[in-house]
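Student: If you scroll down you'll find the structure; I have some questions about it.
The values are calculated or read from the model by the stated rules, or taken from the named source; none is laboratory data. Source: prediction; values computed, not measured. Backbone-built Cβ (ideal geometry, glycine too); neighbour counts: all protein chains shown.
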Amino acid sequence: MKVALICQPWEHMAHPNLGSVEIQIDGASRSLVKAGVDQVAVYTRRDWHFPHFECRDGVKYRRFGILHEHRLLTPFQSRLYPSNNRPIFASSAYYASFFLQVAGALLFRGAEIIHVFNFSQFLPLARRLNPRAKIVIHMQCEWLTQLDPALVSPRLCAADAIVGCSEFVTKRIRRRFPQHAAKCTTIYNGVDLAHFQVRSEQKPRGHRLLYVGRISREKGIHFLLDTFSAVLDRVPDASLDLVGSETYQGRQMIEDLDEDPQVRALTSLGESGYLATLKRNLPAPVAARVRFLGPVPHNRLPELYHQADVFVFPSVWHEPFGVPVVEAQSAGLPMISTRSGGIPELIRDGITGVLLDRADSHQLADALTRILTDNEARSQMGPSGRRHVAKLFSWDAVSKSYVRLSGWLTQTVKTQFAVRWKSLDRRELS
C-alpha cells in the first residue's frame, strides 16, 4: 500500500520544531509505517536549508519550493473575494504552485491513498491526475462548514472519505453536507504517551498554572489574565506560565468566518499588538507572578508540564480539538478549560478536569481557586486524565483508526477494480 500525506503549504516538517498539525502528520505517518504500510510519503514545503528528499523512521519526506503567487492577488482581494465565506485562502490560487508540484509528483510516483489536510481546493486536482487513488480530506479546523457550501460541496465530490479531528467537527460537516454524510468519520488527534510521561518522583505541592498554545485572542488569554488578578487575592503564591508564540491567523481565518457572537466580538481587540497589550495592561503585582515564556520546542514541553500543578486552556472560539489539552493530561495534570468545540470530548468534567462556559471570568476564577487549593481533587484528576488519554488519544489507539480507514479504502479500490474487470470480461465474452 502506498499512502501520501499532504501537508498545509506553509509547513516544513522541520523536526523537532513541529506545529500542531505537523505533529499529527508526523504521528500518523509513523503509525502507518509501524502498522506495516509499505510506502508512506509526506509532501511538504521546502526552504533553502531543507533537503528536497529525506527519509526518517521509514517515512519519506518530499519537499517543494513555493512562489507565494497568491500575494499578487492581495491588493485586489476585496474585489476578487468580496464575501467572508469565500476568502482568498479558500481559492484555487492560494499556494497554487505548491499544490501543482505535489499533484505532478503524485502522478509520477503514484499513491493508493492521498491524505490531504484542510485544503479542499486540492481535491479536484488530485482526483483529475490520480483517478484510481482514494482521496481523504482530513479537517483539523471548521473551514468546510464555514466556507460557502456552493464552493465546498463540488470539491467534496472528489473525496472518498471526509475525516474530522473531533466529533464536533465531523457532526457539523454531516449536517452541512448531508449528501456526503456517509463518507464522514472521526479520527482523534494523537499524543505520544511515552514522551509526556508523568514525573515519577513526588513533587512538592504548589500553585503553578500553565497554559500552552498560541498567544492569540481567540485563545482567551486576556480573560485568563483578568481572572488571574482575582485568583491572586485568594491564592497569593499562585503563578502563571504562558507558553507559545504570538500568532494571529487573521480575521479571514477566524472571526470573519465564525457566526458566533463571542468570536465576532474579538475583532474589538484590534488586528495586531495583542501580546504587547496583554503585558501593558497587567498590574505590577500580577505581572510579578506571570511569565511569558515564548515558543518552546515540542521536545522540551514535558519538563514544563512536570513543573506545573494545573493546566488551563480558556479558549473563546470553538476549538476543533486542542492538542495541548491531551498532552497535559498525558503528563498527569488536572484540566480547567472552556466548553468550546471539541474540548468536551477531551475532558471528563469533574473527573479529569473542570469545564466552564466560554469567556466567563467569574466561573474561571472560582474553578482556578478551587482546583489550586484542593489537593485531593488534583491528585485524583491527574491519573484519571492520563488513563483517559491512553484509552482514546494515545497513538496506539489513534493509529488503529488510521489503519482501519486505510484498509477500508484499499479494499474498496480492489473491489471496484474487480467489478470493472468482471464487467469488461463479460462484454468481451459477449
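Residue-by-condition table, conditions (1) modelled with pLDDT of 95 or more; (2) in contact with a Ser or Thr (Cβ under 8 Å, 6 or more places away or on another chain); (3) not basic (Lys, Arg):
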| position | (1), (2), (3) |
| --- | --- |
| Val290 | yes, yes, yes |
| Leu293 | yes, no, yes |
| Pro297 | no, no, yes |
| Glu327 | yes, no, yes |
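Student: Return the only residue of His207, His195 being touching an Asp or Glu at 6+ places or on another chain (Cβ under 6 Å), touching a residue at least 60 places away in the same chain (Cβ under 8 Å) and not charged (D, E, K, R).
Tutor: Numbers: His195 fails: touching an Asp or Glu at 6+ places or on another chain (Cβ under 6 Å).
So the residue among His207, His195 that is touching an Asp or Glu at 6+ places or on another chain (Cβ under 6 Å), touching a residue at least 60 places away in the same chain (Cβ under 8 Å) and not charged (D, E, K, R) is His207.
Student: Continuing with this model, one more query. Sort out which residues of segment 373-397 are surrounded by 16 or more Cβ atoms within 10 Å (Cβ to Cβ), aliphatic (A, V, I, L, M) and either at pLDDT 95 or above or not in a helix (DSSP H, G or I) (or both), and write them in order of number.
Tutor: The answer is Met381, Val389.
Student: Could you check segment 215-228 and list, in sequence order, the residues that are under 24 Å from the mean Cα position of the chain (by Cα) and in a helix (DSSP H, G or I)? Working first, answer last.
Tutor: Going through segment 215-228, the residues under 24 Å from the mean Cα position of the chain (by Cα) turn out to be 215-224.
Those that are under 24 Å from the mean Cα position of the chain (by Cα) and in a helix (DSSP H, G or I): Arg217, Glu218, Lys219, Ile221, His222, Phe223, Leu224.
Student: Cβ-Cβ under 7 Å, sequence separation 6+ or interchain: first residue in segment 140-153 and within 14 Å of Trp317 (Cβ to Cβ), partner modelled with pLDDT under 95 and assigned to a loop (DSSP other than H, G, I, E, B). Which pairs?
Tutor: Gln146/Asn85; Gln146/Leu257; Gln146/Asp258
Student: So which residues in segment 307-344 are in a helix (DSSP H, G or I) and surrounded by fewer than 18 Cβ atoms within 10 Å (Cβ to Cβ)? Even if it seems obvious, please write down each step before you answer.
Tutor: Here is the first cut: in segment 307-344, the residues in a helix (DSSP H, G or I) are 307, 323-330, 343-344.
Result: Gln307, Pro344.
Student: Within segment 1-51, can you find the residues that are among the charged types (D, E, K, R) and under 19 Å from the mean Cα position of the chain (by Cα)? So that I can check it myself, show each step before the final result.
Tutor: Keep residues of segment 1-51 that are among the charged types (D, E, K, R), which gives 2, 11, 22, 26, 30, 34, 38, 45-47.
Answer for segment 1-51, where residues must be among the charged types (D, E, K, R) and under 19 Å from the mean Cα position of the chain (by Cα): Glu11, Glu22, Asp26, Arg30, Arg45.
Student: Among the residues of segment 292-345, what is the count of those that are touching a residue at least 40 places away in the same chain (Cβ under 8 Å), β-branched (Val, Ile, Thr) and in contact with an Asp or Glu (Cβ under 6 Å, 6 or more places away or on another chain)?
Tutor: Summing the residues that are touching a residue at least 40 places away in the same chain (Cβ under 8 Å), β-branched (Val, Ile, Thr) and in contact with an Asp or Glu (Cβ under 6 Å, 6 or more places away or on another chain) in segment 292-345 gives 1.
Student: I would also like to ask the following. Tell me, yes or no, whether segment 204-214 has at least one residue that is loosely packed, with under 14 Cβ neighbours inside 10 Å and in contact with a Phe, Trp or Tyr (Cβ under 8 Å, 6 or more places away or on another chain).
Tutor: No, segment 204-214 contains no residue that is loosely packed, with under 14 Cβ neighbours inside 10 Å and in contact with a Phe, Trp or Tyr (Cβ under 8 Å, 6 or more places away or on another chain).
Student: Output the residues belonging to segment 260-296 that are loosely packed, with under 13 Cβ neighbours inside 10 Å and over 18 Å from Arg217 (Cα atoms).
Tutor: Across segment 260-296, the qualifying residues are Pro283, Ala284, Pro285, Ala288.
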